[in-house]
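Here is the structure we will look at.
The values are calculated or read from the model by the stated rules, or taken from the named source; none is laboratory data. Treat the numbers as computed from the prediction; the structure is a model and nothing was measured. Please note: Cβ atoms are built from the backbone with ideal geometry, for glycine as well, and neighbour counts cover all protein chains shown. Calculation scope for accessible area: heavy atoms of the full protein, side chains included, ligands and nucleic acids excluded. Shrake-Rupley method; radii C 1.70, N 1.55, O 1.52, S 1.80 Å.
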Amino acid sequence: MTSNPSLNNTASSEPSKVSGQLNSAMGTAKETVGKMTGATSLQQSGKEDHAAGEAENKAAQTKGHAEGMTDQIAGKKDSMIGAMTGDKKQQTSGNMREDKGQAEKKMNS
């Protein structure tokens, strides 16, 4: 856990790439200032903030990739069912969801 609660994501909130990147950058800045001033506690706090930010960013990426996989699979299923039953609307909707899932996975790889 980081030493700056204002930078932390609460336990009930979802991981966020933006928040993770912010925490990581702020941690790096604190660590740099700590090194420059010889403030070892600030340096250590910065390292912890940076690590927490990197972990949150990775968690958000993993979550996004999993959501993309879910959309891709569900879309493929809907597309196939639509094709088999002749329901063009379901087939098209399924294709769109499958494409959306592929894009989500790509963004979070």
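With a 1.4 Å probe and every protein chain left in place, work out the accessible area per residue of the chain in Å², rounded to a whole number.
Value for the chain: 63 Å² per residue.
What label, among [x] 71, 24, 13; [y] 41, 28, 24; [z] 35, 32, 20, belongs to Cα extents along the principal axes in Å computed from the structure on display?
Matching entry in [x] 71, 24, 13; [y] 41, 28, 24; [z] 35, 32, 20: [x].
Any idea what angle helix 17-37 forms with the longest principal axis of the chain, computed on alpha-carbon atoms, 0 to 90 degrees, nearest 10?
20
Under a GNM of the chain (C-alpha, springs under 10 Å), which listed residue has the highest mean-square fluctuation: Gly20, Gly38, Gly46?
Gly38
GNM, the chain, Cα, under 10 Å: largest mean-square fluctuation among Asn95, Asn57, Asn23?
Asn95
For the residue pair Leu22 and Met80, what label-to-label distance in nm results when each label sits 7 Å from Cα along the Cα-to-beta-carbon direction?
Taking the two extended label points, one gets 4.2 nm.
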